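See structure below.
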Amino acid sequence: MHAGTRRARAGIPHVRVPCLEPGCGWAEKYSERTGVRIDGTDCVTVTGVCLHHGPYEVLIAPGHGGYLDLATLYRNLVKEITLAGDPDTQHVMVKGGDWVFGSHLVDGAHQAVAMSHGILPARLFCPQVVTDTGAKLSKSLIREGHASLPTGAEPWMLDTRRWPGSLAEYAEQLLTLAEVLFADPRHSFRSYSAAEITRMMSTTRSRTAA
């Protein structure tokens with residue numbers, strides 16, 4: 001990256017910083033309006049536009065407390081390298097099943113920096129929720145209007161407030177479903193359609209009713 005202000009474009013790593021307003025944390029996913037100004041060898045100013053609070057600016061420098069929010073692939077690499085620096089603790093990272101192949105790229109990056117696999121965190125992959133075509137159920141695409149809710153899926157999958165019951169009942173059914181899935185390791189190697197998740201959430205007998 002050269003000195004001056006650079007704008008993020010599709011196809012390059014997304015560097016962004018969260019909004020500074022207390023309790024906000026907004027960070028534009030694709031960094032379309034993110035600006036980066038290099039002010040020295042150890043000082044960078046990142047600007048962004050919060051959906052709720054407007055333009056903001058964050059200084060990234062030693063002792064200032066600002067931090068970069070990276071795209072998912074790079075963020076996973078940084079997390080695993082950081083955790084590897086604590087050899088006395090066995091760290092476990094939980095990922096969705098769609099990250100099986102993405103983890104191969106992370107492993108390649110580890111090899112490039114000569115990291116030992118013996119001290120890296122263990123990975124646990126959870127079942128993936130897919131559409132009736134086998135594609136990953138993308139909440140972001142549906143919310144942004146680029147995809148429709150697939151057949152068999154229910155609105156509460158995107159907004160828990162639309163669950164046909166109380167929040168406590170939703171949480172109880174979700175915990176019960178998790179117990180069913182984790183009761184057999186082979187569930188972690190499968191994908192489940194949104195329609196099947198709907199069926200299980202609706203028909204699985206809750207623990208309190210047992």
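If you take the square roots of the eigenvalues of the alpha-carbon gyration tensor of region 129-210 and sort them as a ≥ b ≥ c, do you get rounded (a/c under 1.5), prolate (a/b over b/c) or oblate? Mind showing how you got there, number by number?
Working: a/c = 2.44, a/b = 1.29, b/c = 1.89.
Oblate is the answer for region 129-210, as a/c is 1.5 or above yet b/c matches or exceeds a/b.
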D (Stokes-Einstein, µm²/s), Kirkwood Cα radius, region 45-107, 0.890 mPa s at 25 °C: 169 µm²/s
Top of G102, G165, G85 by mean-square fluctuation, Gaussian network on the chain, Cα under 10 Å: G165
Against the rule of thumb 2.2 N^0.38 Å, how large the Cα Rg of region 100-158 comes out: 1.63
C-alpha long axis of helix 100-112 to longest principal axis of the chain, angle in °: 30 degrees
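With 18 Å as the cut-off, how large is the P(r) tail for region 73-188, expressed as percent of Cα-Cα pairs?
Details: 4343 of 6670 pairs.
In whole percent, the share of Cα-Cα pairs in region 73-188 beyond 18 Å is 65.
Return one whole number: the accessible area per residue of region 11-124 in Å², for a 1.4 Å probe. All intermediate terms of the calculation are to be shown ahead of the outcome.
Details: 6800 Å² over 114 residues.
Using a 1.4 Å probe on heavy atoms only, each residue of region 11-124 averages 60 Å².
Give me the dipole magnitude in Debye, nearest 20, for the chain about the Cα centre, with unit charges on the beta carbon: positive for Lys and Arg, negative for Asp and Glu. Could the numbers behind the result be given before it?
On the way: 21 positive and 21 negative charges, 88 e Å.
Once rounded to the nearest 20, the dipole reads 420 debye.
If the only charges are +1 at each Lys and Arg Cβ and -1 at each Asp and Glu Cβ, what is the size of the charge dipole of region 29-136 around the Cα centre, to the nearest 20 debye?
220 debye
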Dipole moment magnitude, nearest 20 debye, region 114-184 about Cα centre, only Lys, Arg, Asp, Glu C-beta charged: 320 debye
Cys residues of the chain counted as unpaired, since no other Cys beta-carbon is under 4.7 Å: C43, C126
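Compute the Cα gyration tensor for region 73-125, then decide on rounded, prolate or oblate, letting a ≥ b ≥ c be the square roots of its eigenvalues: rounded whenever a/c is under 1.5, prolate when a/b is larger than b/c in the other cases, and oblate in all that remain. List each step's numbers first, then the result.
Working: a/c = 1.90, a/b = 1.20, b/c = 1.59.
Because a/c hits 1.5 or more and a/b fails to exceed b/c, region 73-125 counts as oblate.
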Most mobile listed residue (S31, S166, S191) in the chain, GNM with C-alpha springs under 10 Å: S166
Accessible surface of the chain, 1.4 Å probe, proportion on carbon and sulfur as whole %: 57 percent
Max mean-square fluctuation residue, GNM over the chain, Cα-Cα springs under 10 Å, options E21, E172, E32: E21
Given charges at Cβ of Lys, Arg, Asp, Glu: region 74-210 dipole, positive-most of T133, S103, N76: T133
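The values are calculated or read from the model by the stated rules, or taken from the named source; none is laboratory data. None of the values given here were measured: they were computed from a predicted structure. Because the Cβ atoms are built from the backbone with ideal geometry, glycine has one as well, and the counts that use them run over all protein chains shown. For the accessible areas, the whole protein counts, side chains as well, though only heavy atoms, and no ligand, DNA or RNA atoms are used. Shrake-Rupley method; radii C 1.70, N 1.55, O 1.52, S 1.80 Å.
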